[in-house]
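The structure appears below as structure tokens.
The values are calculated or read from the model by the stated rules, or taken from the named source; none is laboratory data. Source: prediction; values computed, not measured. Note that we place each Cβ from the backbone using ideal geometry, even for glycine, and neighbour counts take in every protein chain shown. Surface accessibility is based on the protein's heavy atoms, side chains included, excluding ligands, DNA and RNA. Shrake-Rupley method; radii C 1.70, N 1.55, O 1.52, S 1.80 Å.
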Amino acid sequence: MPTASSTTATAAGTNTSVTATSGILQRLSSTDQDVKFKALRELKNQIIGNRTKKLSFLKLGAGPAVAAILAEAVMADDGDRNDSFNKNVIVQAAAVLGSFACGFDVGVQAVLDAGVFPNLLRLLSNLNEKVVDAGARSLKMIYQSKLAPKYDFLKEKNVEFLLSLLNSENENVSGLGSSIITHSCKTSVEQKLLFDAGVLKKLIILLEGSPSLRDSSLESLATIFKNNLEVVSKFVGSESGRALSSIIELVKDRFARTRLLASWCLIVIRNTSPCYLQDIAVKTKLTNTVLELVGDPGQVGDEASFAFSSLIAEKEDMQKLAFEINAIDKLYSHLQKDSLHPRRFEGILLALADMCSKLECCRSRFLSLQALDSVIVALAHDSADVRTAACICLRSVSRSIKNLSAGCFMKETVVFPLVRLLDDPSTSVQVAALGVISNIVVDFTTRRSSFIRCGGVKQLVQLSKSMDATIRLNALWALRNLTFQAENKCKERVFMELTASLLASLICDPEAFVQEQALALVRNLVDGCINSVECVFAEDGIILDAVGRQLQSALKVEIGIQGMYVLSNVATGKEFHKEAVMKQLLRYAETGTQSYIVKFLQSNDSRLRTAAVWAIVNLTSSLGAGASGRVVKLRDAGVLRVRTAVGQFSAFDVGST
Amino acid sequence: MTLWAYYWAILYRAMEPKTVQVRRIKSVDQEMPVRVVESSAHSQVSGANSGQTSPPACTLLSVGQAFSGTQNVSNLQKEEAWRVNVRIQGCDLEHGYLCGTMEALNVPMADTPVVTFWEGEIVDTKNYTFYTGKWEATPEDDIRHWTKFPSFQSLLTRVEIDGGKSLDLSNYPYIFMRWKEQYFVNVGTDCGLTIAGFYYVCFSCSDGSINGFYYDPNSSPFQKLELKTTNEGRSGFSFSSYELQ
């Protein structure tokens, strides 16, 4: 049978391969040095660039076997320059170990577990250049992984040793020095220490070396600059800016990777201190270069979109500049390509998100290109990172009030996939989806019904009970925005699903930011139709009591503001409602405790003072029959005296004092 | 509580002389507001560039607030005023941006109330000055309209120099704006109305009232918009809020 013979053939092939693998391993432990050496060389050739083979050799114990050979050879090495065979064994063993570690974390872990690290370090001080080179190459591979041990710059003589590496004429050794910095320099103390030791000057010199040395130096420079204003300032000011100019020049390099790393370096400098790199020509060149690199088909392209995001994130001037060079169109054209690698897909979506985060012109362009359709498709991508990025992109675009008012987002094609993501197994996807939903439910027309129809409210209420505080926060945020100026039917539905007791418990949530959103939600629920005020009186006024309690103990201004607007809105109701608010305001006065309203009226925060004054205005307005009685009570409690003192009696201009 | 004036200009197109046209302006690209609560204490700028500040935060000019009143569209032939409702939907003092909707009731030839979305430029002398610089409005047109507001008179001399760039309006009790309608919300562009012109607007921080004058070179001049805050049947003022993420 063809099937049977084929299976047999495959099995035979596999067996042959296993036999060959174990054959090499057997020879690695041979007592014949020549056999051992040849096995090392064969092993090296087999695993180069082949992850599957690396893995299968590692599974069979190749790591400890090669480590043992290296240890034995290092021990036997007496520094005699003429013992070439032993040195060749060292070189081959180090090369095999480096190959296992090259771009492969499993390999790095196996090599480290085999305890080779001290022996590889010893090779750096060998008198034989080939041995030093092999050791440096191997260590460089290890230091490119996050799993490499942290190099302690603060330890005595370690910086001295690092400088000796950087000073080496061997490019692999100086490159190792750069890799160690990139991997291990994390704190501002370490950055300053390296700067003071003159490491930056060495790295700038290394920029004149080979492309690979240049690249690793650029990475190290960015590591030392990152978020360290002092180091960046000193660097930019040094040598009349010549060092900075040399990095700017590399943005035009012929190698894509060098252009990207030089750009990263400049982005880090600019993000650390925006006052640098203000030259429009440099900014334009930088933006153009990074944008062009997004189109690179390799790893550079994958990373370039993240560099682009970092360049423009939170910076309106850079977003405007990028918009003017058609960044939205260019990013979108990359998004349209087939079979995008998830990492690249994610990066482009995040770059578009940053582009649309502040400027309406960017959002308009994005929507006019019909890019929304591609992003909606991405909501169902297999990769959770892509789904999250798609949500973040939609969140930015949906900040457009102009388009929210036009109902561009509140339609089934957008709403349904987003509501589905509320059940996503990934928390970050859920949170990102809640972020978009929070925006799109601010629908100024009456289209909220489609969201309710697809079970959106039920889902949000369910998530408001989550054990995860971030999910509770975002679910409440969405409900708050959904009820902003909403029709009664919508608000009633939300309140029915939530229930008074759940809302009261959310007002008293352990997390302050959840309390704030819960109070803001209640504020919206009691706005609009006068009957909506009633909801805070349900279940014996459990919500109103919770609001009063939170206001008395509020540590955060925002809680005070939202809570006072709840009371202020309730105080626009009937006499009964106004009296209930009075009770809340004065409940602590009877016990001699200072009422929060007095504290709020004296607050340094004008927003809080404003909210407090509106509550008093609504209670004492002549439109209410019991207004004069309330004035007396508030005066007796010292509230009106305070209000006079802060000059806030004007019913309309309370925000400006 | 009170009615609000809306301001519509009636124009008969040269080609379609019987069509009723509503005049509105177009907008600028601006950052959308994310936080909508009132901003905290106003910044004070000293020196020659005083005036590079935000206008006073005012609760009555915040999102969700509703205004109602009339727009006087009288012409030589007849006296006429349309009822108008306005609601603020977005406000970003930092960028001098405001937006919302206008609803015009009892519009002749329209079967239903006509709702439009508008965007506003707040004259804060940082983002925008008193000079419009677009929408077919010359500095002379600007001055002619601004001077219709009594609260503008004290600013006139400085505005004539540089559009008011050197003024500090951060504590001025009035907020000057331009409102430009962008699109029809509930009717199509074939509804017989048009939104070509824009409004010069003055908001009073002390009583929340809004006055405006409609400008369109092809329309009868100085049509007046008069709006007042409304509490929508409540015994006091109620405020809701949203916050974009």
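Within region A:554-572, the residues that satisfy the criterion of being open to solvent by 10 Å² or more (accessible area, probe 1.4 Å) and not hydrophobic (A, V, I, L, M, F, W, C) are A:Lys556, A:Glu558.
Name, by its number, the condition in (1) at pLDDT below 95; (2) open to solvent by 40 Å² or more (accessible area, probe 1.4 Å); (3) within 14 Å of chain B (Cβ to nearest Cβ) that does not hold for A:Thr470. Unmet for A:Thr470, out of (1) at pLDDT below 95; (2) open to solvent by 40 Å² or more (accessible area, probe 1.4 Å); (3) within 14 Å of chain B (Cβ to nearest Cβ): (1).
Within region A:502-530, the set of residues being within 14 Å of chain B (Cβ to nearest Cβ), within 19 Å of A:Leu608 (Cα to Cα) and open to solvent by 30 Å² or more (accessible area, probe 1.4 Å) comprises A:Phe513 only. Just to be sure I understand the filter: pairs with C-beta atoms under 7 Å, separated by 6 or more residues or on different chains, first member in region B:180-194 and touching a residue at least 24 places away in the same chain (Cβ under 8 Å) and at positive phi, second member in a loop (DSSP other than H, G, I, E, B) and not small (Gly, Ala, Ser). Which pairs pass? Listed by first residue and then by second, the contacts come to B:Gly192/B:Thr19; B:Gly192/B:Val20; B:Gly192/B:Met109.
Just for helices (runs of 4 or more DSSP H) wholly inside region A:395-495: which have at least 2 residues that are within 25 Å of the chain's Cα centre (by Cα)? Break it down into steps so the answer makes sense when it comes.
Details: elements: A:401-405, A:412-421, A:427-440, A:449-453, A:456-463, A:469-482.
Because the criterion is at least 2 residues that are within 25 Å of the chain's Cα centre (by Cα), the helices (runs of 4 or more DSSP H) in region A:395-495 that meet it are A:412-421, A:427-440, A:456-463, A:469-482.
Exactly one residue among A:Leu619, A:Leu608, A:Leu551, A:Leu544 is buried (at least 21 other Cβ atoms within 10 Å of the Cβ), away from every other protein chain (no Cβ under 14 Å), within 29 Å of B:Ser206 (Cβ to Cβ) and at pLDDT 90 or above, and that residue is A:Leu551. Looking at region A:556-572, is at least one residue over 38 Å from the mean Cα position of the chain (by Cα), closer than 15 Å to A:Arg607 by Cα and assigned to a helix (DSSP H, G or I)? Yes, region A:556-572 contains a residue that is over 38 Å from the mean Cα position of the chain (by Cα), closer than 15 Å to A:Arg607 by Cα and assigned to a helix (DSSP H, G or I).
The sole residue among B:Phe213, B:Phe152 that is open to solvent by 10 Å² or more (accessible area, probe 1.4 Å), away from chain A (no Cβ under 14 Å) and touching a helix residue (DSSP H, G or I) at 6+ places or on another chain (Cβ under 6 Å) is B:Phe213. The test for being modelled with pLDDT of 90 or more, open to solvent by less than 70 Å² (accessible area, probe 1.4 Å) and assigned to a helix (DSSP H, G or I) does not hold for A:Leu25. Elements of the type helices (runs of 4 or more DSSP H) sitting completely within region A:266-334 and holding at least 2 residues that are on the phi < 0 side of the Ramachandran plot and in contact with a Gly (Cβ under 6 Å, 6 or more places away or on another chain): these cover A:299-312.
Which residue out of A:Thr483, A:Thr499 is over 28 Å from B:Gln65 (Cβ atoms) and either among the hydroxyl-bearing types (Ser, Thr, Tyr) or open to solvent by 10 Å² or more (accessible area, probe 1.4 Å) (or both)?
Details: A:Thr483 fails: over 28 Å from B:Gln65 (Cβ atoms).
Every option except A:Thr499 fails the conditions.
Conditions (1) over 26 Å from A:Lys402 (Cα atoms); (2) assigned to a helix (DSSP H, G or I); (3) away from chain A (no Cβ under 14 Å), marked per residue:
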residue: B:Thr157; (1), (2), (3): yes, yes, yes
residue: B:Tyr172; (1), (2), (3): yes, no, no
residue: B:Ile175; (1), (2), (3): no, no, no
residue: B:Asp190; (1), (2), (3): no, no, yes
residue: B:Lys224; (1), (2), (3): no, no, yes
residue: B:Glu232; (1), (2), (3): no, no, no
residue: B:Ser238; (1), (2), (3): no, no, no
residue: B:Tyr242; (1), (2), (3): no, no, no
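Candidates A:Cys393, A:Cys408: the one that is at pLDDT below 95 and out of contact with any Phe, Trp or Tyr (no Cβ under 7 Å at 6 or more places or on another chain) is A:Cys408. Pairing residues of region A:324-344 that are over 13 Å from A:Arg365 (Cα atoms) with residues that are assigned to a loop (DSSP other than H, G, I, E, B), at Cβ distances under 8 Å and at least 6 apart in sequence or on separate chains, gives A:His334/A:Val294; A:His334/A:Gly295; A:His334/A:Leu340; A:Pro342/A:His381; A:Pro342/A:Asp382; A:Pro342/A:Ser383. Scanning region A:102-120 for residues that are hydrophobic (A, V, I, L, M, F, W, C) and in a helix (DSSP H, G or I) yields A:Val106, A:Val108, A:Ala110, A:Val111, A:Leu112, A:Phe117, A:Leu120.
In region A:351-378, the residues that are within 13 Å of another protein chain (Cβ to nearest Cβ) and among the charged types (D, E, K, R) reach residues that are open to solvent by 40 Å² or more (accessible area, probe 1.4 Å) and in a helix (DSSP H, G or I) with C-beta atoms within less than 6 angstrom, at least six apart or across chains, in these pairs: A:Lys358/A:Glu316. Looking across region A:393-417, the residues that are surrounded by 24 or more Cβ atoms within 10 Å (Cβ to Cβ), more than 10 Å from chain B (Cβ to nearest Cβ) and either among the aliphatic types (A, V, I, L, M) or in contact with a strand residue (DSSP E or B) (Cβ under 8 Å, 6 or more places away or on another chain) (or both) come down to A:Leu394, A:Val397.
Could you tell me whether A:Val442 is modelled with pLDDT under 95 and at the interface with chain B (Cβ under 10 Å from one of its Cβ atoms)?
Working: modelled with pLDDT under 95: yes; at the interface with chain B (Cβ under 10 Å from one of its Cβ atoms): yes.
Criteria met by A:Val442.
So, A:Cys490, is that one surrounded by fewer than 24 Cβ atoms within 10 Å (Cβ to Cβ), in contact (Cβ under 8 Å) with a residue 40 or more places away in the chain, within 14 Å of chain B (Cβ to nearest Cβ) and over 20 Å from A:Gly563 (Cβ atoms) or not? Steps first, please.
On the way: surrounded by fewer than 24 Cβ atoms within 10 Å (Cβ to Cβ): yes; in contact (Cβ under 8 Å) with a residue 40 or more places away in the chain: yes; within 14 Å of chain B (Cβ to nearest Cβ): yes; over 20 Å from A:Gly563 (Cβ atoms): yes.
So A:Cys490 passes the test.
The numbered conditions (1) of a type outside the set (Lys, Arg); (2) surrounded by fewer than 22 Cβ atoms within 10 Å (Cβ to Cβ); (3) within 10 Å of chain B (Cβ to nearest Cβ) are all true for A:Val533 except (2).
Counting the residues of region B:192-208 that are crowded, with 20+ Cβ neighbours inside 10 Å and either part of a loop (DSSP other than H, G, I, E, B) or among the hydrophobic types (A, V, I, L, M, F, W, C) (or both) gives 11. Of the listed requirements (1) touching a Cys at 6+ places or on another chain (Cβ under 6 Å); (2) open to solvent by less than 10 Å² (accessible area, probe 1.4 Å), B:Tyr174 misses just one: (2).
The number of residues in region B:220-243 that are closer than 23 Å to A:Ile437 by Cβ and crowded, with 21+ Cβ neighbours inside 10 Å comes to 3. Scanning region B:55-91 for residues that are modelled with pLDDT of 90 or more and either out of contact with any Leu (no Cβ under 9 Å at 6 or more places or on another chain) or more than 14 Å from chain A (Cβ to nearest Cβ) (or both) yields a total of 12.
May I ask you to say which residue of A:Glu539, A:Glu575 is modelled with pLDDT of 90 or more, open to solvent by 60 Å² or more (accessible area, probe 1.4 Å) and closer than 18 Å to B:Phe237 by Cα? Going through A:Glu539, A:Glu575 in turn, the sole match is A:Glu575.
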